[in-house]
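Everything below concerns the one structure shown next.
The values are calculated or read from the model by the stated rules, or taken from the named source; none is laboratory data. Fair warning: this is a prediction, and the values are worked out from it, not measured in the lab. When we count neighbours, we look across all protein chains shown, and the Cβ atoms used for this are built from the backbone with ideal geometry, even at glycine. Heads up: the accessible areas ignore ligands, DNA and RNA and are worked out on the full protein's heavy atoms, side chains in. Shrake-Rupley method; radii C 1.70, N 1.55, O 1.52, S 1.80 Å.
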Amino acid sequence: MTDEGDKSQGMKVMGVLDIQNMPCARESILHGAGGSLVVGIVHFLATSRVKRSFDVGVAGFMLTTLGSWFYCRYNNAKLRVQQRMIQDGLKNKLIYEGTNLDPTRKKTGDQ
Amino acid sequence: MAHPTQLGFQDAASPVMEELLHFHDHALMIVFLISALVLYIIVAMVSTKLTNKFILDSQEIEIVWTILPAVILVMIALPSLRILYLMDEINDPHLTIKAMGHQWYWSYEYTDYENLNFDAYMVPTQDLTPGQFRLLETDHRVVIPVESPIRILVSAEDVLHSWAVPSMGVKMDAVPGRLNQTALLASRPGVYYGQCSEICGANHSFMPIVIEAVPLPHFETWSANQLDFA
């Protein structure tokens, strides 16, 4: 009941970064955590150095999160552009249907 | 609209503001990651056992900490420039509204078809009705049609002002003797508040802006009624 309104608020880091509702944020953090774990454990198994492996794990977290974030946000931006083009196309179709400005109208040779 | 203890942006009411929000999320995520890394490095340096005190340089890490920040900066700059040019795209406005700044109110002119002019004064606190917002309400709202590109021409009659509506990502300085232009497109119906954003005297904080975005038929009815009253 009272939780329904709270769902949309999400988890906000420092009150501004809404990780739960921001596109790509949750996936990037999870990829980063997984990458950090893998890289850190592999380094430890190879070298048996705890502190250095921890450092490598943190570096792995940074690089994996950033890489996943950039890739996902780039695709998300392309999707938003396509979404906007589709919306504009639908709007123009509705407004101009049957007129000379109809975007789906085939141009004839004599016009 | 704004609410107490708010830290982030208001919800977007225009496509430009949506893009700005996305870009802000992008930049903020990068900033938080870098800050987390710096914090970790500080803790690691403070807790070190002070071994390896005589290392003078390391080519590998210096290459990493030169190239990686450059890559990050490029990944921030590319969407930033995209939005910059997106905001300057040439559009075909359906309506032109002039917003003139005075001490201390805004006056609006809809002169495309008929001469429709009105002033917008802040509603004093003692005159507010329940549900109205203190220091934000005006006696006359700028009514615009939804989903229509609108040209706003901003100027001032006396001193510098600035016409700003945060939820639409719009801010334009009102300079006496100069006509500044900005574009506006309301994505959804609603009431959007802004405040004068350039210090202009004693009542600078008391000359707000209220935009009411309505469907086109409602806008036509409103403008016809306004002309009848005039």
> When the accessible area of the protein assembly as shown is computed with all protein chains present and a 1.4 Å probe, what percentage of it is carbon and sulfur?
Replying inline: 62 percent
> Other chains' Cβ within 10 Å of A:22-29 residues: what's the mean?
Replying inline: 3
>> Using amide H atoms built in the peptide plane, which far-off residues or other-chain residues are under 5 Å from B:D11 H to H?
In response: none
> Between the helical axis of B:59-87 and the dominant principal axis of chain B, each derived from Cα atoms, what acute angle in degrees is found, rounded to the nearest 10?
Replying inline: 10 degrees
> Whose amide H sits under 5 Å from the amide H of B:T138, counting only residues 5 or more places off or on another chain, with H placed in the peptide plane?
Replying inline: B:V123
> Peptide B:8-14: average number of partner chain Cβ atoms within 10 Å per residue?
Replying inline: 1
>> As an exercise, take the mean of 1/r over every pair of distinct alpha carbons in the protein assembly as shown, invert it, and state the Kirkwood radius in angstroms.
In response: 24.3 Å
>> Charges at C-beta only: +1 for Lys and Arg, -1 for Asp and Glu. How large is the resulting dipole of segment B:11-80 about its Cα centre, in Debye rounded to 20?
In response: 460 debye
> Where q = 0.11, 0.12, 0.20 Å⁻¹, what log10 of I(q)/I(0) comes from the Debye formula for segment B:95-229, counting one point per Cα?
Replying inline: -0.36, -0.43, -1.24
>> Give me P(r) over chain B, computed from all C-alpha to C-alpha distances, binned every 5 Å, as integer percentages.
In response: 1, 6, 11, 15, 15, 13, 10, 7, 5, 5, 4, 4, 3, 2, 1, 0, 0, 0
> Expressed in nm², what is the orientationally averaged projection area of the convex hull enclosing the Cα positions of segment A:12-96?
Replying inline: 7.3 nm²
>> Sorting check: for B:157-169, A:65-77, which peptide has the highest mean count of neighbouring beta carbons within 10 Å, and how do the rest follow?
In response: B:157-169, A:65-77
> What order do you get for B:203-210, B:111-118 when each peptide is scored by the mean count of other beta carbon atoms within 10 Å, highest first?
Replying inline: B:203-210, B:111-118
> In a Debye calculation with equal point scatterers on the alpha-carbon sites of segment B:50-114 and no solvent, what is log10 I(q)/I(0) at q = 0.13 Å⁻¹?
Replying inline: -0.70
>> Tell me which cysteines of the protein assembly as shown come out unpaired when the rule is another cysteine's Cβ under 4.7 Å.
In response: B:C196, B:C200
> Taking the simple approach of a point 7 Å from Cα along Cα-to-Cβ for both B:Q132 and B:T221, what is their distance in nm?
Replying inline: 2.2 nm
>> How shielded is B:99-111 by partner chains, expressed as the average number of their Cβ atoms within 10 Å of its Cβ atoms?
In response: 0
> When the Kirkwood radius is taken over all Cα pairs of segment B:33-168, what Stokes-Einstein diffusion coefficient follows at 10 °C and 1.306 mPa s, in µm²/s?
Replying inline: 75 µm²/s
>> Please give me, ordered by residue number, the trypsin sites (Lys or Arg not before Pro) of segment B:1-95 that lie in loop per DSSP and have at most 10 other Cβ atoms within 10 Å.
In response: B:K49, B:K53
